[in-house]
Each structure stands twice: as structure tokens, then as C-alpha cells.
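Colleague: Sending over a structure as C-alpha cells; questions will come in a sec.
The values are calculated or read from the model by the stated rules, or taken from the named source; none is laboratory data. These numbers come from a predicted model, not from an experiment. Cβ placement follows ideal geometry from the backbone for every residue including glycine, while neighbour counts extend to all protein chains displayed. With ligands, DNA and RNA removed, areas are computed over all heavy atoms of the protein, side chains included. Shrake-Rupley method; radii C 1.70, N 1.55, O 1.52, S 1.80 Å.
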Amino acid sequence: DTVEPNKDLLSQNITDKVVMVTGAGGSIGSELCRQILFLKPKTLILYEMNELVLYTIEKELSDIGIHQIDVYPILGSVNNQNRLGNVLKHFSVDTIYHAAAYKHVPMVEFNNTEGVNNNVFGTLHTAQIAIDSGVKTFVLISTDKAVRPTNTMGATKRIAELILQSFAAKQSSTKFTMVRFGN
């Protein structure tokens, strides 16, 4: 059954905050951006490595017409630590929704190395830099395929979850949470 979002709960990390969505142009990232915009963040940063999808989601959000919210389309990879750190510090990001990942099982199976590089190391780098930059909340968008994984994509997302659990146990400045989406 569909579960309706709890807007009071969601607004705690979004309303009047500086929010970044990694993978902002992807299927999940772009939907997060649409939903976040209506919860009225102070600033919404669209972080994406694909120029075309970044342009598309930025234009769509601009056409919605909520002009009092600053929306910044930032080209960058979660594996570019310098770029990511500079953006987080420049904007003083409060909340990250980390949706940047390779999610298509057959594509990741055929491109194992890139799946590991993006899903595991991209999450590791983003989490480390979030702590260093004083990000208050980090939400990992994971997958139901991380439960007893039988493929590379599921395994990489499970490793990403374990990375965040490890960071959560070792420090208290950044709150790490995760949600699993399934189809």
C-alpha cells in the first residue's frame, strides 16, 4: 500500500534549509527535487554529472514558478572530492539527499567496476566530505536489492549502507540515515 509522506517530518530537514540532491537529474533524484521544492527550502542545490538531465530538471523546477527559492544547477561528480567539498562549504549545506548511483541492475552487472566506483566510493567520498563540511543530515537513497544482494548493484548499495552505519557509529556531527526504495 502507498504510504503518504509525513510533511511535518520531512520539513524538519528541508524547510528554510540549504538542501543538496546528488544525482539530481536521475529518476529518483529528480522526483526528490520536485518534492523538496514544495517544502520550501532556503536553497536547493541540484548536483549532477550529466549536463542534459541537469538542464532538464533545472528548467522543469524553474517552470514550476516558486521563485523565492534559490535553485543552483551544479555540474559535478560525487567522486570529485575537491568539487564536492567546495560546493558543500560554499553553500553551507544543511541536508544532503544522496541519490547519485548506478541503479539499473543489467547495466551495473555489465559495468562492475564503474558500479563499485560510483555506488561505493562515491558514497564514501560524499559522506566523508559531508562530515568535514558540517552537513547536519545525510540521507542515502538505497534499494530493496541491498537486502541479501544477489547482484553487483545490490551489493554496492549494501556496502554504501554499511559505510554510513560505520560513520554514524564513529561521530555525531552528521546524522546519517537511509531509505530503501523498491519496485
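Colleague: Any idea which residue in the stretch 60-82 is surrounded by the fewest Cβ atoms within 10 Å (Cβ to Cβ), counting only those that are under 26 Å from Leu9 (Cα atoms) and hydroxyl-bearing (Ser, Thr, Tyr)?
Modeller: This residue is Ser62.
Colleague: Something else about it: Give the residue, chosen from Gly122, Gly115, Gly182, Gly85, that is among the small types (Gly, Ala, Ser) and surrounded by fewer than 13 Cβ atoms within 10 Å (Cβ to Cβ).
Modeller: Of Gly122, Gly115, Gly182, Gly85, the one residue that is among the small types (Gly, Ala, Ser) and surrounded by fewer than 13 Cβ atoms within 10 Å (Cβ to Cβ) is Gly182.
Colleague: Another question, then. Please go through the stretch 37-59 and pick out each residue that is buried (at least 21 other Cβ atoms within 10 Å of the Cβ) and either modelled with pLDDT under 95 or among the aromatic types (Phe, Trp, Tyr) (or both).
Modeller: Passing the criteria: only Tyr47.
Colleague: Within the stretch 89-107, can you find the residues that are surrounded by fewer than 21 Cβ atoms within 10 Å (Cβ to Cβ) and touching a Leu at 6+ places or on another chain (Cβ under 8 Å)?
Modeller: Within the stretch 89-107, none qualify.
Colleague: Could you please give the count of residues in the stretch 134-175 that are in a helix (DSSP H, G or I) and either without any contact (Cβ under 8 Å) to a residue 40 or more places away in the chain or open to solvent by less than 50 Å² (accessible area, probe 1.4 Å) (or both)?
Modeller: Within the stretch 134-175, residues that are in a helix (DSSP H, G or I) and either without any contact (Cβ under 8 Å) to a residue 40 or more places away in the chain or open to solvent by less than 50 Å² (accessible area, probe 1.4 Å) (or both) number 20.
Colleague: Within the stretch 29-36, is even one residue in a helix (DSSP H, G or I), without any contact (Cβ under 8 Å) to a residue 12 or more places away in the chain and either among the polar types (S, T, N, Q) or in contact with a strand residue (DSSP E or B) (Cβ under 6 Å, 6 or more places away or on another chain) (or both)?
Modeller: No - not one qualifying residue is present in the stretch 29-36.
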